[in-house]
Amino acid sequence: PSENLNAINLEESINIQFEKQVFSWDTSAAEEKKQQQTNADDVDAAYVMGNGTRAIVYGLQTQAVQNMLDFDYICRRSRPSVAAIVYDFAAGDYHAQFYWGSKTIMIPVFRDLESALKLNEIDGGNDCIDTVVNFASQRSAFKATRDMILNFHSDIRHISIIAEGIPERLTKKLMFLARKYNVIILGPSTVGGIKAGKFRIGNTGGMLDNIVSSKLYRAGSVSFVSRSGGLSNELSNIISSQTDGVNEGMAIGGDRYPCTTFMDHLLRYQQEPTCKILVVLGEVGGTLEYDVIDAIKAKRLTKPIVAWCTGTCADYFSYDVQFGHAGALAQSLREKANAKNEALSKAGCFVPESFDDFGKIIRVIYNKLVSTGVINAAAVQKRNSIEPPPIPLDYHWARKLGMVRKASSFLSGISDERGDE
């Protein structure tokens with residue numbers, strides 16, 4: 001009974017806060033403003049992942065490639081999102097075999113990025129290979145990304161850097177080059193991002209069963225941006241269980257200076273007509289959340305925002321606490337999680353008292369938008385009826401799970417060369 005009472009009180013308080021604010025989902029004004037802006041700060045909005053987005057995977061990460069292809073298949077994409085693989089240490093150009101549902105397809109492997117980008121010239125130049133998923137190691141990620149920007153900025157629009165541990169001074173150099181040449185960099189130290197039903201970066205979303213259970217194979221009405229890659233998977237689960245699902249989700253990475261910020265993605269979500277609710281999951285350390293607050297005050301963000309900064313427990317320690325991320329350390333009172341949560345709440349964001357209520361608040365806001373017609377109930381019902389096609393299990397994985405069996409085979413290599421003796 002007490003839990004039900006708390007839920008009722010929470011819903012009532014959220015509804016009261018909702019009625020006191022003025023929200024807008026009209027993207028025409030934002031689109032007009034975008035056309036007028038010529039500075040590099042808003043160039044990110046020009047790049048949108050979609051069904052036609054095709055990527056080059058830098059590094060021989062076969063499992064990540066297969067994960068992307070499996071996502072493409074259950075989203076019913078007409079062609080794979082992975083156009084090619086670049087592996088500097090390959091003996092020569094060749095094709096690697098991957099699964100497309102129950103069939104097999106061949107993905108070309110090149111020794112250099114220039115050869116891979118020439119695929120854009122095939123099919124009359126109608127291909128859209130403008131994204132790179134960079135799996136280069138910590139030691140080579142900076143150089144590889146720098147060379148991509150300097151040499152191929154006319155072809156590449158988006159680079160995701162998965163590697164952790166890139167020195168901050170090198171990251172700042174990449175940020176400068178990215179703005180100079182209008183190339184978007186997600187990361188470093190990111191798991192990637194996902195455009196539900198359209199495109200997946202690397203291993204974002206986890207295993208395929210989690211992708212299906214989180215309904216990431218079709219678009220929903222809620223877009224999120226997170227620091228943590230692991231918590232972005234949890235966010236997908238929470239959003240799918242409380243609403244009609246995720247529209248888009250990005251993990252900007254846990255470094256002190258990520259190349260793209262919360263605002264870079266939130267501005268894009270603001271301009272996306274199918275996105276109705278924004279979710280921000282920050283953490284202790286840094287000041288990126290205050291940029292969100294300034295944008296709300298300036299009416300650049302007018303959609304409902306549910307926000308929370310993790311790391312509130314740091315206040316209970318008598319010393320500074322460095323959490324797992326390089327940027328998860330409060331270097332001033334302003335950077336503490338509780339201070340940021342309070343500031344976000346005062347700015348008009350819906351901020352729970354603890355992470356336990358995060359999903360409940362998202363559900364209350366979602367139900368409010370459905371009841372008021374902002375989210376079309378018939379469209380939601382249609383989306384919820386979409387089922388993904390089944391993906392056959394790999395034999396070795398199925399055997400590991402105990403789902404198949406096979407009699408043991410014996411092969412003898414013993415030979416007798418004694419002749420007639």
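The values are calculated or read from the model by the stated rules, or taken from the named source; none is laboratory data. Quick caveat: nothing in here was measured; it's all calculated off a predicted structure. Using ideal geometry, Cβ is built from the backbone for each residue, glycine included, and neighbour counts are taken over all protein chains shown. Ligands, DNA and RNA are excluded from the accessible area calculation, which covers all protein heavy atoms including side chains. Shrake-Rupley method; radii C 1.70, N 1.55, O 1.52, S 1.80 Å.
What to note about this one:
- Stretchable slack from LEU333 to ILE105, in nm (0.36 nm times residue separation minus alpha-carbon distance): 76.7 nm
- Of ILE391, ALA326, ILE185, farthest towards positive along the dipole that unit charges on Lys, Arg, Asp, Glu beta carbons give the chain: ILE185
- Mean accessible surface per residue for the range 330-406, computed with a 1.4 Å probe while every protein chain stays in place, in Å²: 63 Å²
- Here the range 228-250 is scanned for amide nitrogen atoms under 16 Å from the site 7 Å beyond the Cα of ASN384 along Cα-to-Cβ, giving 239-246.
- When Rg and Dmax of the Cα atoms in Å is calculated for this entry, the matching label among [x] 29.7, 101; [y] 35.5, 131; [z] 23.7, 102 is [z].
- Summed residue charge, Cβ within 15 Å of TRP100's Cβ, Lys/Arg positive, Asp/Glu negative: +3
- Environment charge of PRO390, counting only residues whose C-beta is closer than 14 Å and scoring Lys/Arg +1, Asp/Glu -1: -2
- The simple spin-label model puts a point 7 Å past each Cα toward its Cβ; for LEU393 and ASP147 those points are separated by 4.2 nm.
- Residue of ILE201, ILE107, ILE277 that the Gaussian network model of the chain assigns the largest fluctuation, springs spanning Cα pairs under 10 Å: ILE107
- Distance between the modelled labels on PHE410 and LYS180, one decimal in nanometres: 6.9 nm (7 Å Cα→Cβ projection).
- Full extension of the chain segment joining VAL48 with ASN9 gains 10.1 nm, where the gain is 0.36 nm per residue of separation less the Cα-Cα distance.
- Dipole magnitude of the range 94-165, debye to nearest 20 (Cβ charges: Lys/Arg +1, Asp/Glu -1, about Cα centre): 280 debye
- Distance between the range 336-376 and the range 95-161 - C-alpha centres, whole angstrom: 39 Å
- Among GLU342, GLU121, GLU168, residue whose mean-square fluctuation peaks in a GNM of the chain (springs only between Cα atoms under 10 Å): GLU121
- Per-residue [θ]222 nm for the chain (sum of -39500 (n - 2.57) over DSSP H runs n ≥ 4, rounded to 500): -10500 deg cm²/dmol
- From the alpha carbon centroid of the range 385-401 to that of the range 234-296 is 31 Å.
- From the C-alpha gyration tensor of the range 188-237, square roots of 5λ in Å: 16, 12, 11
- Nitroxide proxy distance, nm - points 7 Å out along Cα→Cβ at VAL374 and ALA96: 4.4 nm
- Applying a threshold of 32 Å to the alpha-carbon distances of LYS143/LYS215; LYS118/LYS143; LYS118/LYS400; LYS382/LYS406; LYS172/LYS297; LYS215/LYS303 flags LYS143/LYS215; LYS118/LYS400; LYS382/LYS406 as lying beyond it.
- Choice from SER223, SER213, SER78 with maximal GNM fluctuation in the chain (Cα, 10 Å cutoff): SER78
- Accessible surface of the chain, 1.4 Å probe, proportion on carbon and sulfur as whole %: 50 percent
- Cut-off 20 Å (backbone N to label point 7 Å along Cα→Cβ of GLU353), residues of the range 296-321: 306-316
- Sequence-distant contacts, meaning Cα pairs under 8 Å at least 6 residues apart, place the relative contact order of the chain at 14 percent.
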